[in-house]
C-alpha cells in the first residue's frame, strides 16, 4: 500500500552529486540527482554496474557523503536520521556473525542501542515472524540456507521498527527459484507493514514486480534518466503477474529507458 504524502516526502533529494578523489583524478559517481519518495512507496533503483545506485543508498544512510546538493529524510539530514535510527539497512550479503544465534544476530543492533533484554527478544521474535522464520531463533547462521540467512538480515533491519528500509540488492547472489520466493515474501511484507522502501537491483523483472515506481539510472556519472510508474499493476502480486501484458508493458518501458540512457553500451 502507498501512504499519503500529505505530511511531505519520506525522502527528498535535490541536485545531489557525489565525487571521489582517486589516484587517476576525480570520479563523478552521481550528478544532479533529484527525487522525492512518498511515505509508503516501494522504489527500485536500476541501472548498469557502476552507475551509483549503491552510492545513492549509502549517501541516504550517511555511509557516504554528498559533495553537492541535499538530502532530507523525513525532514532530517542523513546524519540526524542515522542517529535517530530512522531506517534499517539490508546489505548485499547477510553479514551474520557465525558464533551468534539468529536471534542474537537480530538483536545485536538493539544491544548497541541499549534496548532492554526483554524488549530485544520481543522485537527479534516479532521481526523473525514477519519474514517467516518463526522457531529458528536458536539456530546458527550456518544451519540456515542462503535465502533464510538473507531473510534473517531483513528481520534485523525490521527490528529497528523504522519507517524506512534501505536494501542494497539483497537477493542478487541467490538462485532464481529462491529469489522468486523471496520477492513474493518481500512484497507481502511491504504491503503488511506499509514501510517506505528503497531497493537496489539489476533485475528488470524484480524491479517491476516489487515497486510502485522504478528509478532508471544512467552509466557514470549516475543520473536519473526516467521514472517508470508501476502502480498500474495490482496491489496484490503473485509471480503469475509477470506473464501478463500489463507487467510486460511496464518492463518494456524500463528496458527502453535503460537503452535510452545508454545502459547497454
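Please treat every number below as a calculation from the coordinates, not as lab data. Bear in mind that the values here come from a model prediction, so they are computed numbers and not experimental data. Please note: Cβ atoms are built from the backbone with ideal geometry, for glycine as well, and neighbour counts cover all protein chains shown.
Details
- Helix 245-260 axis, angle to the chain major axis (alpha carbon atoms, nearest 10°): 60
- For the chain, built as a Gaussian network whose Cα springs stay under 10 Å, the top-fluctuating residue of 226, 24, 161: 24
- Segment residue 20-residue 119, extension gain: residue separation times 0.36 nm, minus the distance between their alpha carbons: 31.5 nm
- Per-residue Cβ neighbour rank within 10 angstrom, fewest leading, 89, 97: 97, 89
- Spin-label pair residue 161-residue 246: with each label point 7 Å from Cα along the Cα-Cβ axis, the two points sit 3.5 nm from one another.
- Computed label-point distance, nm, for sites residue 79 and residue 95 using a 7 Å Cα→Cβ extension: 2.1
- Taking a ≥ b ≥ c as the square roots of the eigenvalues of the alpha-carbon gyration tensor, the range 74-121 is classed oblate because a/c is 1.5 or more while a/b is no larger than b/c.
- Cα principal axis extents for the chain, largest first, Å: 51, 44, 42
- Computed from Cα positions, the angle between helix 117-130 and the longest principal axis of the chain comes to roughly 60 degrees.
- Global form of the range 71-221, assessed from the alpha-carbon gyration tensor, a/c cut-off 1.5: oblate
- The range 32-146: relative contact order in percent, alpha carbon pairs under 8 Å with at least 6 residues between: 19
- Mean Cα-pair separation over length for the chain, i.e. relative contact order, pairs under 8 Å, 6 or more apart, %: 25
- Whole-Å distance, taken between Cα centres, linking the range 196-255 and the range 102-148: 31
- Most mobile listed residue (217, 148, 167) in the chain, GNM with C-alpha springs under 10 Å: 148
- Prolate/oblate/rounded label for the range 93-161 (Cα gyration tensor, a/c 1.5): prolate
- Multiplying the residue separation of residue 226 and residue 65 by 0.36 nm and removing their Cα-Cα distance gives an extension gain of 55.5 nm.
- Site pair residue 126 and residue 12 shows an inter-label distance of 3.0 nm when each label is modelled 7 Å from Cα along Cα→Cβ.
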